[in-house]
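The values are calculated or read from the model by the stated rules, or taken from the named source; none is laboratory data. The structure displayed is predicted, hence computed values, not measured ones. Reconstructed Cβ throughout: ideal geometry from the backbone, glycine too, with neighbour counts over all protein chains shown. Surface areas here come from the heavy atoms of the whole protein model, side chains and all, with no ligands, DNA or RNA. Shrake-Rupley method; radii C 1.70, N 1.55, O 1.52, S 1.80 Å.
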Amino acid sequence: MIPALLLGGREDRLRAELTGVRHREFRRLLDECERLRGIELPTEHPLASITYFGPAAANLALAHRLTGQPQYLEELRRWLAPPLAFPHWGRAHLPDHDLDAGWLLHGLSLALAWAGDALDEGERTRLRDRLILQGTRLFDFAVETEGDWWSSSYWQNHNWICFAGLATAGYVLADEHPGASAWTKRAKANFDEVLDLLPTDGSNHEGVVYWRYGEPWLASYLDVLRAAEGIDWFPRSEHLRETFWFRLHQAAPDLERIVDHGDCHDHRSGHSIALYRKLAAEYRIPQAQWLADRVSADLLWREASQSGVRPGVLPEAYQELLWFDPTVEAIGPEELQTARYFPDLGLVAGRTSWDADATLVSVKASPGGGWRAWRESHRHRRERGWTTLNTGHHHPDAGAFVLLGGGEYLAIDEGYSSRKRTEHHNGVLVDGVGYGREGHYDVHAGLAEDRVGEMLEVTLAEDWVHTVSEIGALYAPELGVRRLRRHLVRTPSGALVLVDDLEADTARSWTWLLQTTHPAAPLGDGRRLAPAGAAGLLVTSLDDVDSIDVVHPTVVQANPTSSTPGLEIERVQHTLRRTSSPSHSARFVSVLQPVRFGEPVPPAATMTEDDEGLVVTIPGLTDVEQVVVRLDGTRPRHDGMDAAGNGFAGRRLRG
């Protein structure tokens with residue numbers, strides 16, 4: 001009898017609930033098994049990834065285990081045949097030693113645990129022996145490459161996936177393979193360190209897409225650890241306790257799409273119903289339960305059909321069933337604060353409301369990987385000689401922002417990029433160049449520990465968002481950048497005020513960048529409007545910088561998966577570039593306003609300057625907002641302000 005990992009002591013209750021509180025999750029499982037029946041399987045290993053075989057086997061095995069119906073066992077046999085026949089797991093990139101192996105070890109090991117007793121002896125032996133072979137290959141690679149790549153890349157999804165797969169196989173094979181205990185011990189030691197190193201604010205420097213791809217594997221490992229050894233590490237993980245809030249505040253206002261900081265394949269690869277269920281269950285988060293309900297009922301099939309990330313959301317059906325806790329109440333986000341600061345990543349996200357047509361700004365400034373990863377990885381290099389941080393998915397976007405409003409992406413990020421550049425973001429160039437290792441995949445690799453961006457000030461008060469970021473240290477020392485500081489204010493109406501305060505040792509040209517989906521066209525009064533469908537972005541420059549302003553298409557290229565080397569995707573965005581004549585210093589002052597389609601353009605924003613700082617007045621169609629910015633960081637002393645902080649004050653005048 002093979003121990004039924006993850007099912008021990010709960011099978012009878014699960015079966016009883018299939019037609020009750022878990023009927024929705026049961027239906028999802030059966031629908032997924034039906035979908036699998038219609039997929040034609042390869043007879044030879046394809047060049048592309050084969051990760052999907054893992055969850056397919058787990059879904060079919062669980063369906064058979066819980067129902068006893070033979071058709072699921074027969075379909076499981078069909079799905080087991082190809083990976084057992086392939087000479088290797090993975091073809092184009094690190095065969096047997098990376099993601100394909102991790103995914104398949106996890107899913108096929110669960111299939112052995114749940115359906116192994118129903119297979120005949122020959123089938124069971126072939127599956128067991130192949131798991132032993134692949135587990136040995138992956139384990140040996142992890143040992144041989146310790147200190148380099150995923151074996152010690154504690155903040156990276158490859159580490160979590162491979163070690164979670166290895167651990168699952170080790171626990172299932174514990175009584176049949178003497179070497180399996182070494183696999184589980186090494187995985188346990190790895191995650192013991194990982195949990196202590198992850199940012200406690202729940203953020204993920206790789207962005208939302210890799211959050212939904214990688215974070216479920218942290219939960220998967222802790223799940224099998226608790227089931228196999230009775231050790232519960234969920235309470236010790238502050239990261240997992242907080243990570244739902246990172247995901248929620250990086251959701252677009254419609255909660256269907258995402259904020260796309262970092263490498264993001266598209267705008268619809270962000271949801272994991274299973275992980276929402278798990279976080280709701282372990283940490284009693286009612287909003288996580290609510291979002292899982294919302295995605296399951298309204299968003300699942302659009303996510304499944306339009307997401308560019310595979311295997312995707314549908315194969316997680318078995319985890320949705322197992323991780324759902326019906327005792328957790330579902331409560332929407334309407335009463336939550338609309339803004340949140342994640343200090344490790346230097347990330348501030350603030351929306352005007354929880355309505356689908358709200359305006360949302362997200363801005364970030366931190367070292368590569370976030371503060372904890374940056375500091376700890378430099379310590380690892382000094383003390384161990386190890387490379388433990390891979391920031392290939394973290395863009396050169398410190399100080400940059402994205403803006404969504406009226407159901408549209410207004411000021412955008414580049415998405416996925418193979419050759420990352422500051423000029424692809426809403427940032428600043430110095431003498432035409434950005435920061436870090438421009439044009440490389442990992443722009444932060446090899447930078448000195450003091451080459452960081454940071455968030456100096458954050459004010460979240462009375463529907464106002466105010467941040468001050470400093471990123472001058474990220475630029476090459478020979479540029480002599482003394483200060484590259486961005487003051488950002490988002491008003492209650494959704495307008496953005498940006499003051500970029502720039503200084504260098506010698507005269508430099510400064511280029512202010514704004515990325516939009518469509519060109520920002522002149523209106524004839526000095527302003528520009530970038531259309532975006534149901535809304536547009538009105539751009540007003542209030543400074544006296546002697547600049548040359550141009551708008552041109554910017555082509556961004558990427559290969560979003562190492563499993564398919566020949567794949568190349570291309571995206572075109574449009575960049576407004578304001579380039580100054582050479583000077584020691586410059587100050588760009590800009591106002592960005594969402595404008596709904598069909599509504600008139602509001603009157604022009606204006607600026608005055610007095611001893612208390614810059615005063616920006618922003619007329620709307622009905623109200624007027626005023627923003628005061630002090631570059632020295634002291635609190636403005638203007639009377640009658642609705643909100644104030646260090647270097648900032650704001651008020652809204654009705655009528």
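Things to note:
- Heavy-atom accessible area order for Tyr416, Tyr341, largest first, 1.4 Å probe: Tyr341, Tyr416
- Rounded to 0.05, the FRET efficiency of the Ile548 and Arg596 pair, given R0 = 30 Å and the Cβ-Cβ distance, is 0.45.
- Per residue Cα convex hull volume in Å³ - calculated over the chain: 150
- Cross-link partners of Lys188 among lysines (Cα-Cα below 26 Å; sequence separation of 8 or more within a chain): Lys278
- Within region 1-45: backbone nitrogen closer than 18 Å to the Ala174 label point (7 Å, Cα to C-beta): 1-11
- Fully extended contour minus Cα-Cα distance, from Ser509 to Leu47, at 0.36 nm per residue: 161.7 nm
- The label point for Arg226 and the one for Glu146, both projected 7 Å from the Cα toward the Cβ, are 3.0 nm apart.
- Residue list for region 47-77, given a label point 7 angstrom along the Cα-to-Cβ vector of Thr19 and an amide N cut-off under 15 Å: 67-69
- Solvent exposure of the chain amounts to 36 Å² per residue of accessible area, where only protein heavy atoms count and the probe is 1.4 Å.
- Phi-based couplings in Hz for region 490-503 (Karplus 6.51, -1.76, 1.60; Gly and Pro marked x): 10, 7, x, 7, x, 6, 10, 10, 10, 10, 9, 9, 10, 7
- Note on region 339-595: along the principal axes its Cα atoms extend 59, 43, 43 Å, ordered by decreasing extent.
- Point-to-point label distance, Ala461-Leu300, nm (Cα→Cβ direction, 7 Å offset): 4.6
- Theoretical gain in end-to-end length, Glu11 to Ala604 [0.36 nm per residue, Cα-Cα removed]: 206.9 nm
- Computed extension length for Ala330-Gln557: 77.6 nm, one decimal, from 0.36 nm per residue of separation with the Cα-Cα distance subtracted.
- Among the helices of the chain, those built from whole DSSP H runs whose Cα atoms reach 18 Å or more along their own axis and whose mean Kyte-Doolittle hydropathy is at least 0.5 are 53-67, 99-115, 157-172.
- Label separation (Leu653 vs Gln69): 6.9 nm, computed from points 7 Å beyond Cα along the C-beta direction.
- With a cut-off of 15 Å between beta carbons, the residues surrounding Glu17 carry a summed charge of +4, where Lys and Arg count +1 and Asp and Glu -1.
- Per-atom-type breakdown for the chain gives carbon and sulfur 49% of the accessible area (1.4 Å probe, protein chains only).
- Cβ-Cβ FRET estimate between Arg587 and Arg437, R0 fixed at 35 Å, reported to 0.05: 0.80
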